[in-house]
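The values are calculated or read from the model by the stated rules, or taken from the named source; none is laboratory data. Bear in mind the structure is a predicted one, so any value in this text is a computation, not a measurement. Here the Cβ is made from the backbone with ideal geometry for all residues, glycine too, and neighbour counts use every protein chain on show. Each accessible area value is taken on the protein alone, full model and side chains, heavy atoms only, with ligands, DNA and RNA left out. Shrake-Rupley method; radii C 1.70, N 1.55, O 1.52, S 1.80 Å.
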Amino acid sequence: MTDVDLIAAAREAAELSYAPYSDFAVGAALRFADGSVVTGTNIENASYGLALCAETVAVAKAMAGGVRGGLETVAVVGPGAAPITPCGRCRQVLNELAGLGGTDPDILCVGPQDVKTVKLSALLPDAFGPASLD
Ligand code: THU
C-alpha cells in the first residue's frame, strides 16, 4: 500500500469517529513491514477525559490482533486547517509497539494542503520504552 493509500485509509477511518464532544474527527492508519494496515479513529466519552485517540485505538487493535512489531509508517488525519501530530500519550503508545520491533516509524501528519513527515524518535526523543526495563 502506498503512502497515498495509507492516508486514504486514515481518512476513511475518521469517518467512523465517535467525537460528539469535540467534533474533531481523527483517523489513523498503521502500516507494517509485512504490508498489513490497521486503522483507528478517536472514541470519546461523556466523561470527557476518557477519550481514546485514533492512534491509540489503532495500536490497541493491532496488538489485540497479535502484532508485536514491524511498525513502519503511521498516517494521522485531522479535520483542521493544519496537519496534526500525535498527542503525547499517543507518541508513547506508538513507541511501545515500534520499540518491540526495533523500528522508528515515519509519522505522516496529514493536513488539507500538505503532509508533514516526521520520525517518531523526533516526536519523542530519549523515549522510555521496552528496552528501558532491561
Ligand atoms: N485526538 C486524536 O485522536 N489523536 C491525537 O493525536 C490528538 C487528539 C482526538 C482526541 C479527541 O477525541 C479529539 O481529538 C480532540 O482532542
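Here are the numbers:
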quantity	calculated
Residue within segment 51-58 that is among the acidic types (Asp, Glu) and open to solvent by 20 Å² or more (accessible area, probe 1.4 Å) present	no
Members of segment 1-19 that are closer than 11 Å to Leu30 by Cα and among the small types (Gly, Ala, Ser)	Ala9, Ala10
Filter result for Gly69 (on the phi > 0 side of the Ramachandran plot and either within 11 Å of the chain's Cα centre (by Cα) or not aliphatic (A, V, I, L, M) (or both))	yes
The listed residue being more than 11 Å from the ligand (Cβ to nearest atom), open to solvent by less than 60 Å² (accessible area, probe 1.4 Å), of a type in the set (S, T, N, Q) and farther than 24 Å from Ser132 by Cα, out of Thr39, Thr103	Thr39
Pair list, Cβ < 9 Å and 6+ apart or interchain, from segment 50-79 residues that are more than 19 Å from Ala8 (Cβ to Cβ) and in contact (Cβ under 8 Å) with a residue 12 or more places away in the chain to residues that are acidic (Asp, Glu) and surrounded by fewer than 21 Cβ atoms within 10 Å (Cβ to Cβ)	Ala51/Glu44; Val59/Glu96; Met63/Glu96; Gly70/Asp34
Condition met for Ala82 (farther than 14 Å from Leu6 by Cα and in contact with a Leu (Cβ under 6 Å, 6 or more places away or on another chain))	no
Filter result for the condition that a residue is within 20 Å of Ala131 (Cβ to Cβ) and either away from the ligand (no atom under 15 Å from the Cβ) or not hydrophobic (A, V, I, L, M, F, W, C) (or both), over Gln92, Gln113	Gln92
Among (1) touching a helix residue (DSSP H, G or I) at 6+ places or on another chain (Cβ under 6 Å); (2) within 10 Å of the ligand (Cβ to nearest atom) - the single one Leu52 does not satisfy	(1)
Some residue of segment 11-31 being over 15 Å from the mean Cα position of the chain (by Cα) and among the polar types (S, T, N, Q)	yes
Selection status of Arg68, basic (Lys, Arg), touching a helix residue (DSSP H, G or I) at 6+ places or on another chain (Cβ under 9 Å) and within 16 Å of the ligand (Cβ to nearest atom)	no
Any hit, segment 62-79, residues being open to solvent by 40 Å² or more (accessible area, probe 1.4 Å), touching a Lys or Arg at 6+ places or on another chain (Cβ under 9 Å), under 25 Å from Ser22 (Cβ atoms) and modelled with pLDDT of 95 or more	no
